Amino acid sequence: MGASRFFARLFVYLAKHYVLACVLAAVAFIAVMVGLLEYTDVLVYSFLPNDAVNVASKGLHQPFLQSLVQYDSGHYLRIAQNGYQQLPDAAFLPLFPLSVLYVERIIASYGWAGLVAAWLALGAAVVVLYKWVEFELRERGIRMTPWLTLGLLAIFPTAFYLAIPYTESLFLLVNVSALYAYRRGNYGLAAVCAALASLTKYQGAVLAVFFAADYWFSQKRDWQKLLPVAGALSGLGVYMTFLHANYGSFFEFLRAQKEWGRLHGSPLKNFAESFRVEYLWFLPVLAAGLRAVYKYLGKAYFWYTLAFVLLPLSSGRLDGLSRYMLSAVPLFLGLAIAYHNSRNGLLKTAYTGGSLFVAAWLIMLFANGYIVQ
């Protein structure tokens, strides 16, 4: 009885102190993801054996940082340490490497700096995401807890990228901050956050689609709503100027994409070659999410989310789409509302179970050194 009273009071306290609740939720998520990534490499999983060296099959266990810092993480950390030196580096935007650089000055380890930078960004992102979801639900008169949206994001199969040195956690923070500031009418702050977003990932520039669409569909058109449009484009513009100064071309990032197997050859052939079996789960979820965004959140959010998804597809490959979806926050809010409104318990169970199953599968692959897109 004492324990039940304690937890009841704890839940009441956390309900009144959402910042603490969000930070604790982020810490719990990070602990679970790091634990899974660190210890699932002891499992022998011979999927695509020629794709990578399975350390577990040799009776080995990866060092802690090695199991968490893989693939793109290494590129970001190298840029943070040495700057932009090679053509392929131009494909990686600079804000996350800069954040790693500043954290490294405190803890003197680029590997740990990458993790800490991602974790700090995630903690802040969860707080802002909670408030943005709460605001959108209140504006639409929908009685639903914001935690459902955060929960669906947490169990999304590629959510583990939020806990490792990738741009996903930082981009989630600046992206949703831009949306929340804009919806609260703080267009100057929205412009700044949008600029930071487009310095983090190319999808940050797509925020301009939402701001412009919202201005177009508004009955009362306030010119200040266009300030964030300029902000969303200015971050990428600054990076393009940097590329011109260092590589001699504003569009060096497009040439760098070709070094990574994108933007060349036959689009149909590239799409076919990049298709993976896990997309049998992701693509229907994406379609359902887009439908839910249009139905529950309106045209501006729909066109923004559609453009957000189409941008990586324009590179000619499906690779990375399931990871990029993480930061399309209207997609998860729309899915959460549809999930909340659905009376089909079997469908809810299938979605939750399917998400957790695919998540476990992808975490096991990534922990064993395989590329997970």
**Message:** With the crude spin-label approximation of a point 7 Å out along Cα→Cβ, what separation in nm comes out for Leu20 versus Ala272?
**Reply:** 5.9
**Message:** On a full-extension model of 0.36 nm per residue, what is the gain between Tyr71 and Ile371, subtracting their alpha-carbon distance, rounded to one decimal in nm?
**Reply:** 107.2 nm
**Item:** Read-out Rg and Dmax of the Cα atoms in Å, derived from the coordinates shown; its label in (1) 20.6, 66; (2) 23.7, 77; (3) 20.7, 70
**Value:** (3)
**Asked** Any idea what the relative contact order of the stretch 223-373 is, in percent, if you count C-alpha pairs under 8 Å spaced at least 6 apart?
**Response** 20
**Request:** Kindly list the residues of the stretch 326-366 that lie in the label zone of Leu280, defined by a backbone N under 20 Å from the point 7 Å along the Cα-to-C-beta vector.
**Result:** 347-366
**Message:** Going 7 Å from the Cα of Lys220 along its beta-carbon direction, which residues of the stretch 176-201 have the amide nitrogen within less than 19 Å of the resulting point?
**Reply:** 181-188
**Request:** Just tell me which aspartates and glutamates come within less than 19 Å, Cα to Cα, of Lys201; anything on the same chain fewer than 8 places away is out.
**Result:** Asp72, Asp89, Glu168, Glu252, Glu259, Asp319
**Item:** Relative contact order (%) - the stretch 123-211, alpha-carbon pairs under 8 angstrom, separation at least six
**Value:** 26
**Complete:** Taking the alpha-carbon centre of each part, the distance from the stretch 332-373 to the stretch 147-210 in Å is 20
**Message:** Just want to confirm a number: the relative contact order over the stretch 195-309, from Cα pairs under 8 angstrom separated by 6+ residues, in percent.
**Reply:** 31
**Request:** Rounded to whole Hz and in sequence order, give me ³J(HN,Hα) for the stretch 341-356 from the Karplus expression 6.51 cos²θ - 1.76 cosθ + 1.60, θ = phi - 60°, writing x for Gly and Pro.
**Result:** 7, 5, 9, 8, x, 5, 5, 4, 5, 5, 5, 4, x, x, 4, 5
**Item:** Under Karplus coefficients 6.51, -1.76 and 1.60, residue-wise ³J(HN,Hα) of the stretch 129-143 in Hz, glycine/proline x
**Value:** 4, 4, 5, 5, 4, 4, 5, 5, 5, 5, 4, 9, x, 9, 8
**Fill in**
For Lys269, the lysines lying under 16 Å Cα to Cα, once residues fewer than eight places off in the same chain are dropped, come out as Lys258
**Prompt:** Which ³J(HN,Hα) values, rounded to whole Hz and listed in residue order, are derived for the stretch 102-117 from phi using the Karplus coefficients 6.51, -1.76 and 1.60 in 6.51 cos²θ - 1.76 cosθ + 1.60 with θ = phi - 60°, glycine and proline given as x?
**Reply:** 5, 5, 4, 5, 9, 10, 6, 7, 5, x, 5, 4, x, 5, 5, 4
**Message:** Pairwise over distinct Cα atoms, reciprocal of the mean inverse distance: report the Kirkwood radius of the stretch 143-281 in Å, one decimal place.
**Reply:** 17.4
**Item:** Partners for Lys16 among lysines (Cα-Cα distance below 28 Å; same-chain residues under 8 apart left out)
**Value:** Lys131
**Fill in**
So, with points 7 Å from each Cα along the Cβ direction, the Leu120-Asn186 label distance in nm works out to 2.0
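Computed from the coordinates by the stated procedures, all read-outs in this text should not be read as laboratory data. These numbers come from a predicted model, not from an experiment. Cβ sites come from the backbone with ideal geometry, for glycine too, and all protein chains shown count toward neighbours.
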